[in-house]
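The structure under discussion appears below in the form of structure tokens.
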Amino acid sequence: MIYHSVAELIGHTPLLALDLPTPNHSQILAKLEFLNPGGSIKDRLGQMLIEGGIAAGKIVPGQTTIIEPTAGNTGIGIALAAQRYQLPVKLVVPEKFSQEKQTLMRALGAEVINTPTAGGMTAATKRAKELAATIPHAYVPNQFANPLNPAAYQRTLGPEILADLGPQPLTAFVAGAGTGGTFAGTAQALQAAEPAVHTVAVEPAGSILNGGPAHPHRTEGIGVEAIPPFFDQVRIDDTKTISDEAAFAAVKRAARELGLLIGSSSGAALVASLEVAAELPAKSTIVTIFPDGSDRYLSEGIYD
């Protein structure tokens, strides 16, 4: 098949049965989102934010400056989608996040503006809004509060998983939570089709979903400083808090045993899926998401 735009390559990623021993002989299936053209699940969101903004009249092709706070992957997805409409992009990124992701944002034509690590995404969001106030025709999609965030996954990722499974029943859905959009939107679609599906959110130690104290963590792409507003729209049956050490060990295991080069949030999802498998009935079917790959975290020592 011949494609005519990178936008056509977003989505419809493989659902891979992981060849790993599991408790209770359960099956773990991973959606390989790092195979999107921009290298992550956030290609879906970038496309939705740009095209949804145009449809709503908030973005004018060739005119509006897009400004967004991001840890990296959403910025890459936005920069990729913005190219199609000749939109200048400014991305506000806390200094701590991987240099590879920042390099990729610049490669796609975006300007990267760093904020201090200590301020986290809260400071980056504040800076993005300050910039927008000084630039004519600027627009901040704000992935952290924009309803298009969960909608991107409710409309695409959830239905894809159901189509991939076909008649095979789904026991549990396990996925990382950052902005909450991926988890909430996908879980909504799955719960609508399979009301009994067991939904499990995954966070790193240092995130606050399970009530633990907030502190820095090496696992990127997931973890929250405040409860995502999108969680009001979905049932969450359990939350798994995974240490950096366990997540990074799973990253190494995935490379050596499965040939999968996954990022640390994917490692956390794998650890959580194995924990869930031990808690469910025998021969359960668990679907998880591997949001991005390890190539954008090499400077962070992901394999050290």
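The values are calculated or read from the model by the stated rules, or taken from the named source; none is laboratory data. None of these values were measured; they are calculated from a predicted model. Reconstructed Cβ throughout: ideal geometry from the backbone, glycine too, with neighbour counts over all protein chains shown.
What to note about this one:
- Taken as a whole, region 16-39 holds at least one residue that is within 26 Å of G206 (Cα to Cα), of a type in the set (D, E), in the same structural domain as R253 (by TED's automatic domain parsing) and in contact (Cβ under 8 Å) with a residue 24 or more places away in the chain.
- Among the residues of region 245-290, those identified as touching a strand residue (DSSP E or B) at 6+ places or on another chain (Cβ under 7 Å), assigned to a helix (DSSP H, G or I) and either at pLDDT below 95 or over 16 Å from I222 (Cα atoms) (or both) are A254, E275, V276, A277.
- In the condition set (1) within 25 Å of G72 (Cα to Cα); (2) of a type outside the set (K, R); (3) in a loop (DSSP other than H, G, I, E, B), A184 is compliant with all but (3).
- Residue within region 205-214 that is under 16 Å from the mean Cα position of the chain (by Cα) and in the same structural domain as F290 (by TED's automatic domain parsing) present: yes
- Residues (touching a residue at least 24 places away in the same chain (Cβ under 8 Å) and either surrounded by fewer than 16 Cβ atoms within 10 Å (Cβ to Cβ) or within 15 Å of the chain's Cα centre (by Cα) (or both)) located in region 256-270: E257, L258, I262, G263, S264, S265, S266, G267, A268, A269, L270
- Residue within region 227-243 that is more than 30 Å from P147 (Cβ to Cβ) and over 17 Å from the mean Cα position of the chain (by Cα) present: yes
Conditions (1) more than 16 Å from K31 (Cβ to Cβ); (2) touching a residue at least 40 places away in the same chain (Cβ under 8 Å); (3) under 13 Å from the mean Cα position of the chain (by Cα), marked per residue:
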residue	(1), (2), (3)
A132	yes, yes, no
H137	yes, yes, no
F144	yes, yes, yes
L162	no, no, no
L165	no, yes, no
Q168	no, yes, no
A177	no, yes, yes
T182	no, yes, yes
Q191	yes, yes, no
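- Condition met for T117 (outside the structural domain of F290 (by TED's automatic domain parsing), on the phi < 0 side of the Ramachandran plot and in contact with a Pro (Cβ under 6 Å, 6 or more places away or on another chain)): yes
- Restricting region 226-249 to residues that are within 12 Å of P204 (Cβ to Cβ) and in contact with a helix residue (DSSP H, G or I) (Cβ under 8 Å, 6 or more places away or on another chain), the residue that is surrounded by the fewest Cβ atoms within 10 Å (Cβ to Cβ): D244
Quick grid of which residues meet (1) over 22 Å from K101 (Cβ atoms); (2) in a loop (DSSP other than H, G, I, E, B):
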site: K126; (1), (2): no, no
site: L131; (1), (2): no, no
site: Q154; (1), (2): yes, no
site: Q188; (1), (2): yes, no
site: P204; (1), (2): no, no
site: E220; (1), (2): no, yes
site: G223; (1), (2): no, yes
site: I236; (1), (2): yes, yes
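- Test: I78 is in a strand (DSSP E or B), modelled with pLDDT of 95 or more, β-branched (V, I, T) and within 28 Å of I222 (Cα to Cα): no
- Residue match in region 46-62 (condition: touching an Asp or Glu at 6+ places or on another chain (Cβ under 7 Å), in contact (Cβ under 8 Å) with a residue 40 or more places away in the chain and at negative phi): no
- Pick from region 291-304, criterion part of a loop (DSSP other than H, G, I, E, B) and of a type outside the set (S, T, Y), ranking: farthest from G72 (Cα to Cα): D304
- Of the strands (runs of 3 or more DSSP E) lying entirely inside region 1-72, the ones with 3 or more residues being touching a helix residue (DSSP H, G or I) at 6+ places or on another chain (Cβ under 9 Å) are found at 27-32, 65-69.
- Selection count where residues are under 20 Å from the mean Cα position of the chain (by Cα) and either closer than 14 Å to Y139 by Cβ or in a loop (DSSP other than H, G, I, E, B) (or both), scope region 91-122: 8
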